[in-house]
1. Pull up the stretch 295-309, narrow it to residues that are part of a helix (DSSP H, G or I) and within 14 Å of the ligand (Cβ to nearest atom), then point me to the one that is farthest from Arg212 (Cα to Cα).
2. Name the residue that is nearest to Arg198 (Cα to Cα), counting only residues in the stretch 336-352 that are among the hydrophobic types (A, V, I, L, M, F, W, C) and touching a Lys or Arg at 6+ places or on another chain (Cβ under 7 Å).
3. Out of the residues in the stretch 220-260 that are farther than 20 Å from Arg332 by Cβ, open to solvent by less than 50 Å² (accessible area, probe 1.4 Å) and of a type in the set (A, V, I, L, M), state the one that is nearest to the chain's Cα centre (by Cα).
4. Hey, can you tell me all the residues within the stretch 310-366 that are within 15 Å of the ligand (Cβ to nearest atom), assigned by TED's automatic domain parsing to the domain that holds Phe239 and without any contact (Cβ under 8 Å) to a residue 60 or more places away in the chain?
5. Which residues, taken from the stretch 265-288, are within 16 Å of the ligand (Cβ to nearest atom) and outside any loop (DSSP other than H, G, I, E, B)?
6. Collect the residues in the stretch 182-208 that are more than 16 Å from the ligand (Cβ to nearest atom), more than 22 Å from Ala252 (Cα to Cα) and not hydrophobic (A, V, I, L, M, F, W, C), keeping them in residue-number order.
7. Could you please find all residues in the stretch 151-170 being surrounded by fewer than 12 Cβ atoms within 10 Å (Cβ to Cβ) and at pLDDT 95 or above?
8. List, please: which pairs have Cβ atoms under 6 Å, are six or more places apart or on different chains, and start with a residue in the stretch 248-271 that is outside the structural domain of Arg237 (by TED's automatic domain parsing) and touching a residue at least 60 places away in the same chain (Cβ under 8 Å) and end with one that is polar (S, T, N, Q) and within 13 Å of the ligand (Cβ to nearest atom)?
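The values are calculated or read from the model by the stated rules, or taken from the named source; none is laboratory data. The model shown is predicted, which means the values in this text are computed figures rather than measured ones. Cβ coordinates were reconstructed from backbone atoms using ideal geometry, including for glycine residues, and neighbour counts include every protein chain displayed. In case anyone asks, the SASA skips ligands and DNA or RNA and just uses the protein heavy atoms, side chains included. Shrake-Rupley method; radii C 1.70, N 1.55, O 1.52, S 1.80 Å.
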Amino acid sequence: MNLVRQAARQLPPAQREAIHTFIRRVQRSIHHFVLQHAVRNRFAAAAYYSFVNHEFLREARAVAAGQLRYASDHRTQSGSYYLLRRNIHRLEKGLIMRPRRRVFAADFIDETVEIFAHAMRSSGGEWNSELVWAEDVLSDYFAAVDVTTAKVAPAYAQYLNIEKVAREPDAVRAVPYRRNLTLPPPVNFEDFMALTRRRRSVRWYDDRPVDRMMINRALEAAAQSPSACNRQPFNFRIFDKPEMAQRVTAVAMGTKGFAQQVPAVAVVIGQLRAYPFERDRHVIYIDGSLAAMSFMFALESMGIASCPINWPDQEPHEARIREIVPMEEDERVVMLISFGWPDPTGMVPFSSKRSVADMATFNRIA
Ligand SMILES: Cc1cc2nc3c(=O)[nH]c(=O)nc-3n(C[C@H](O)[C@H](O)[C@H](O)COP(=O)(O)O)c2cc1C
């Protein structure tokens, strides 16, 4: 094709264009033909994405790096907090089950106690919210199950031996609880709906800096988001110095024309080290996006505008962002979010939304 293109350069413009159009058509037909086979046959798809199109290779590499990291964290128990979080969450689910079983979690309680023991040692006696949660749930777990059961007894013995610094008695124990439903929800639907309508992707900001305290409050809201097994496999890397924010924002594809006046940006990063299996590789994008939405709503509730920014998953962009934002091999960019005080003279697209009838169906089965 390149030879044909080179030869075409010698021709008059009209013929050159005709040849280019012909080449594009041939390329499209070949692509279509290959894709049709890839859809029908998974080996053809694998061959295509291994030898012809390399777009998935970076993700595959990151997934492999994540699994390696998961395994090494697990083996050395250094910082395998993802597994601790997941297992404590599973214990909580066992505790709230109706009816609750006399013994549950027998196949992972030993591993959980081991990780907890390690986490306590590495914290040097300092309690943090995660350790408090783990400790409280474990103590409720051992109070609830039959600790003489063969599979639970060794874990219980190890749990009792863990050295713990005395803790201030907390007002609230970090264990399953009944919500106080006597009060109405703190936000009514009309107010919430108004917030969803007010939030729009805002691309024009004024140059007032966003108070760090407000950013932290929005992050606190983001941290409340749901995540699969409560693993929370994301990080928000914030750039609130305008020159840095603009450099980062400019790497994304969809920011031409407004990147140069973005006062702050969050890079939402997913960590694949949270998972031992490929089956969960997409969860960083789901969990990261749920947290991103809460972050944007929280900003909006304080009058700060934002715009989610697509992350193009392609080699040159990945290389460029990694030159600016430190990232490990298993870390993937989920999206960027620019934010700042809205410029009152800046316009926002109307962005019509679909109707509920168009968006959802009820009880439709195959
Ligand atoms: C994942 C995602 C990626 C987006 N990427 C960009 C982008 O690169 N550039 C941009 O200007 N807007 C971007 N947007 C904003 C959308 O254009 C915007 O959300 C959509 O048009 C609806 O408008 P609204 O957010 O005001 O409701 C993105 C939004 C999402 C959710």
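1. Phe297
2. For the stretch 336-352, the residue satisfying everything is Val348.
3. Ala221
4. Answer for the stretch 310-366, where residues must be within 15 Å of the ligand (Cβ to nearest atom), assigned by TED's automatic domain parsing to the domain that holds Phe239 and without any contact (Cβ under 8 Å) to a residue 60 or more places away in the chain: Asn310, Trp311.
5. Going through the stretch 265-288, the residues within 16 Å of the ligand (Cβ to nearest atom) turn out to be 265-270, 282, 284-288.
Within the stretch 265-288, Val265, Ala266, Val267, Val268, Ile269, Gly270, Ile284, Tyr285, Ile286, Asp287, Gly288 meet the criteria.
6. Thr182, Pro184, Pro185, Pro186, Asn188, Glu190, Asp191, Arg208
7. Once the filter is applied, which keeps residues that are surrounded by fewer than 12 Cβ atoms within 10 Å (Cβ to Cβ) and at pLDDT 95 or above, the stretch 151-170 yields Ala157, Leu160, Asn161.
8. That search, which allows pairs on different chains as well, returns nothing.
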